[in-house]
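Novice: Just dropping this structure here.
The values are calculated or read from the model by the stated rules, or taken from the named source; none is laboratory data. Because the structure is predicted, anything quoted here is derived from the model rather than measured. Please note: Cβ atoms are built from the backbone with ideal geometry, for glycine as well, and neighbour counts cover all protein chains shown.
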């Protein structure tokens with residue numbers, strides 16, 4: 001299958017469209033800057049250490065919790081780092097941006113009567129902040145966050161609970177994400193149509209799925225899927 005074949009299926013037989021938020025619908029620059037620069041900067045100030053040392057400590061902490069519910073739990077990180085993570089996110093909310101053609105795509109999905117689902121690992125406070133800034137919330141029939149499902153998307157149990165919650169037909173469902181482990185998890189579970197969104201961070205040449213994307217169907221822009 002190529003993108004054109006998937007596109008035909010999307011506007012005809014596909015019923016549910018599950019969409020990741022950070023890096024897929026929204027530019028991951030906000031998140032990368034937040035966790036890679038602002039948080040280490042504040043952590044360094046708080047503990048009177050260099051920025052480099054703070055990054056080393058924090059990146060080790062981040063890495064140890066990847067693929068767990070705590071990884072995106074900003075209340076957990078507030079307690080762990082003794083920083084007000086929600087307040088810090090508010091300080092740079094102006095950096096939250098939607099990828100090009102996302103709103104056109106979401107609008108078309110609604111026009112064609114698709115069930116549009118936000119499927120994200122993000123914490124509900126982060127979801128609320130980003131929906132308020134971007135006003136994308138009106139396009140979604142439902143939000144299924146990892147906290148509601150009890151597991152992150154990397155875990156097959158997320159998909160078991162998502163299918164039970166949404167009642168989707170795996171053969172008539174499209175899932176779009178930018179993270180290799182999540183994409184692989186959806187494929188293993190049996191979601192028929194799985195698509196990778198390339199270039200999650202528009203200001204970085206680093207594409208976290210570049211090395212793997214050759215295995216998966218992928219798009220650079222949502223304009224490629226418009227009817």
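Novice: So which of 18, 38 is surrounded by 15 or more Cβ atoms within 10 Å (Cβ to Cβ) and not assigned by TED's automatic domain parsing to the domain that holds residue 84?
Specialist: Exactly one residue qualifies, and that residue is 18.
Novice: Also, I was wondering about something else. Counting only residues that are assigned to a loop (DSSP other than H, G, I, E, B) and in contact with a strand residue (DSSP E or B) (Cβ under 8 Å, 6 or more places away or on another chain), which one in the stretch 143-174 is surrounded by the most Cβ atoms within 10 Å (Cβ to Cβ)?
Specialist: First, the residues of the stretch 143-174 that are assigned to a loop (DSSP other than H, G, I, E, B): 150-155, 167-169.
Adding the requirement that they be in contact with a strand residue (DSSP E or B) (Cβ under 8 Å, 6 or more places away or on another chain) leaves 153, 168-169.
Values: 153: 27, 168: 21, 169: 13.
Within the stretch 143-174, the match that is surrounded by the most Cβ atoms within 10 Å (Cβ to Cβ) is 153.
Novice: Could you tell me whether any residue of the stretch 77-85 is assigned to a loop (DSSP other than H, G, I, E, B) and at pLDDT below 95?
Specialist: no
Novice: Let me ask something else about it. Out of 45, 66, 103, which single residue is within 26 Å of residue 162 (Cβ to Cβ), surrounded by fewer than 14 Cβ atoms within 10 Å (Cβ to Cβ) and free of Cβ contacts under 8 Å to residues at least 60 places away in the same chain?
Specialist: 66
Novice: Answer yes if at least one residue in the stretch 103-110 is under 23 Å from residue 33 (Cα atoms), touching a helix residue (DSSP H, G or I) at 6+ places or on another chain (Cβ under 6 Å) and at pLDDT 95 or above, and no otherwise.
Specialist: Within the stretch 103-110, the first condition is being under 23 Å from residue 33 (Cα atoms), and the residues that meet it are none.
No, every residue in the stretch 103-110 fails to be under 23 Å from residue 33 (Cα atoms), touching a helix residue (DSSP H, G or I) at 6+ places or on another chain (Cβ under 6 Å) and at pLDDT 95 or above.
Novice: Can you tell me which residues in the stretch 48-60 are more than 18 Å from residue 34 (Cβ to Cβ) and surrounded by 13 or more Cβ atoms within 10 Å (Cβ to Cβ)?
Specialist: 49, 53 - these are the residues of the stretch 48-60 that are more than 18 Å from residue 34 (Cβ to Cβ) and surrounded by 13 or more Cβ atoms within 10 Å (Cβ to Cβ).
Novice: Would you tally the residues in the stretch 122-139 being in a loop (DSSP other than H, G, I, E, B) and touching a residue at least 40 places away in the same chain (Cβ under 8 Å)?
Specialist: Of the residues in that region, 3 qualify.
Novice: Which count do you get for residues in the stretch 80-100 that are closer than 29 Å to residue 224 by Cβ and surrounded by 13 or more Cβ atoms within 10 Å (Cβ to Cβ)?
Specialist: Selection size over the stretch 80-100: 6.
Novice: For residues that are in a helix (DSSP H, G or I) and at pLDDT 95 or above, scanning just the stretch 186-227, find the one that is surrounded by the most Cβ atoms within 10 Å (Cβ to Cβ).
Specialist: Filtering the stretch 186-227 for residues that are in a helix (DSSP H, G or I) and at pLDDT 95 or above, the one surrounded by the most Cβ atoms within 10 Å (Cβ to Cβ) comes out as 186.
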